[in-house]
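Notes to accompany the following structure.
The values are calculated or read from the model by the stated rules, or taken from the named source; none is laboratory data. As the structure is a prediction and not an experimental result, all values here were calculated from the model. Methodologically, a virtual Cβ is constructed for each residue, glycine included, from the backbone with ideal geometry; neighbour enumeration extends over all protein chains shown. Just the protein is used for accessible areas: all its heavy atoms, side chains included, with ligands, DNA and RNA removed. Shrake-Rupley method; radii C 1.70, N 1.55, O 1.52, S 1.80 Å.
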Amino acid sequence: MLEKFAGNPILKPIPGNSWESKCVFNCASFYDEGKVHIVYRATGEDNISRLGYASSRDGFTIDERLPEPIFSPEGKFESHGCEDPRITRINSEYCMFYTAYDGHVAQIGQTTIKVDNFLAKKWQWGKRIYPFPRVNNKDVVLFPEKIKGKWILYHRISPHIWVAYSDDLIHWENSNIVIMPRGNNWEKGKVGAGAPPIKTPRGWLFIYHAKDEANIYRLGLVLVSLDDPEKIIYRSKEPILVPDEEYERKGDVPNVVFTCGAFVKDERLFIHYGGADTVVCVATGKLNELLP
């Protein structure tokens with residue numbers, strides 16, 4: 001259903017940069033102000049995850065890549081890394097959710113940055129918040145607008161996807177509702193949120209990942225009701241992206257395609273994803289052919 005870019009992978013580790021010498025993968029990606037912004041996870045000699053930045057005019061060719069990380073671990077909750085960023089624009093700020101890992105518990109981290117600062121590469125991030133403290137919880141995506149007066153969050157307490165609601169983007173409630181349990185054989189291990197939901201006339205387009213009992217990661221597609229985040233309109237029976245290329249089958253973690261970022265540009269869906277937890281790749285598809 002998706003076409004993989006012939007030039008994949010578009011980002012690889014850089015041996016000379018100690019913080020990204022081993023793996024670059026699992027990136028937020030979004031289109032804003034005429035540019036595709038990629039915030040990617042990287043590991044190097046110390047095996048601690050940090051976040052780097054690259055950009056592209058067309059989503060395929062990397063035009064800029066910064067030599068230093070733009071977001072690094074702080075404090076005891078992040079002592080072993082900041083992982084798997086997802087970014088949603090809310091008015092004049094980008095809101096970033098990520099996984100804060102202390103070596104034992106992988107919990108949700110949350111922060112913001114002013115859009116103007118981000119675009120100017122002034123990495124003045126806001127206060128770091130841990131909305132579900134000390135709970136093993138990952139794969140968090142924020143809807144870009146309120147639904148019935150509430151902000152909406154999808155998150156993953158293994159093995160299912162759950163929903164939470166907020167009035168202020170800080171305090172979250174009703175977080176004990178499962179909206180997406182495991183389903184088909186290729187989802188038997190667990191499911192988790194991929195990219196932040198994208199609004200379409202037919203519903204919220206939501207890309208998710210799933211792991212089977214053989215530890216193979218694939219991507220699936222869901223449509224969610226525009227006015228009810230707990231109502232699934234459509235769920236793909238077959239995956240839309242599978243690890244069948246060498247750069248997806250061989251690497252730090254074999255047989256993995258894993259996304260944290262997707263967007264629509266010129267009626268085409270772009271999905272940036274990690275291949276084998278080692279490189280960053282991109283796949284695209286015509287939106288009208290993907291939607292049921």
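Pulled fully out, how much extra length does the chain show between HIS104 and THR200, if you take 0.36 nm times their separation in residues and subtract their Cα-Cα distance?
So the extension gain works out to 30.7 nm.
Which of rounded, prolate, oblate describes region 1-114, given a ≥ b ≥ c as roots of the alpha-carbon gyration tensor eigenvalues and a/c under 1.5 marking rounded, otherwise prolate only if a/b is larger than b/c? Could you put the intermediate results ahead of the total?
On the way: a/c = 1.84, a/b = 1.23, b/c = 1.50.
In terms of gyration-tensor shape, oblate.
Per-residue HN-Hα couplings for region 215-221, Karplus 6.51 cos²θ - 1.76 cosθ + 1.60 at θ = phi - 60°, whole Hz, x for Gly and Pro?
6, 9, 9, 10, 10, x, 10
If amide hydrogens are placed 1.01 Å from N in the peptide plane, which non-local residues have theirs closer than 5 Å to the one on LEU241?
Sorted by chain and number, the residues that satisfy this are LEU219.
I'd like to check one number: the per residue accessible area of the chain, probe 1.4 Å, reported in Å² as a whole number.
Values: 12120 Å² over 292 residues.
It amounts to 42 Å² per residue over the chain.
For HIS272, HIS80, write out the residues from largest to smallest accessible area, computed with a 1.4 angstrom probe and no ligands counted.
Ranking HIS272, HIS80 by accessible area, largest first, yields HIS80, HIS272.
For region 221-292, which GluC sites (Glu not before Pro) are in a loop by DSSP, counting at most 15 other Cβ atoms within 10 Å?
Answer by residue number: GLU230, GLU245, GLU267.
May I ask you to list the GluC sites (Glu not before Pro) in region 1-64 that are in a DSSP loop and have at most 15 other Cβ atoms within 10 Å of their Cβ?
GLU33, GLU45
Taking the alpha carbon gyration tensor of the chain, what are the square roots of 5 times its eigenvalues, largest first, to the nearest whole Å?
25, 23, 20
Measure up LYS188/LYS286; LYS76/LYS265; LYS127/LYS188; LYS12/LYS150; LYS4/LYS237 against 32 Å on the Cα-Cα distance and list the ones that go over.
Numbers: LYS188/LYS286 28 Å; LYS76/LYS265 39 Å; LYS127/LYS188 37 Å; LYS12/LYS150 39 Å; LYS4/LYS237 20 Å.
Check vs 32 Å cut-off fails for LYS76/LYS265; LYS127/LYS188; LYS12/LYS150.
Across region 156-167, in residue order, what do the Karplus-derived ³J(HN,Hα) couplings come to in whole Hz, using 6.51 cos²θ - 1.76 cosθ + 1.60 with θ = phi - 60° and x for Gly and Pro?
Those phi angles translate into 10, 9, 3, x, 10, 9, 10, 10, 9, 10, 8, 8 Hz.
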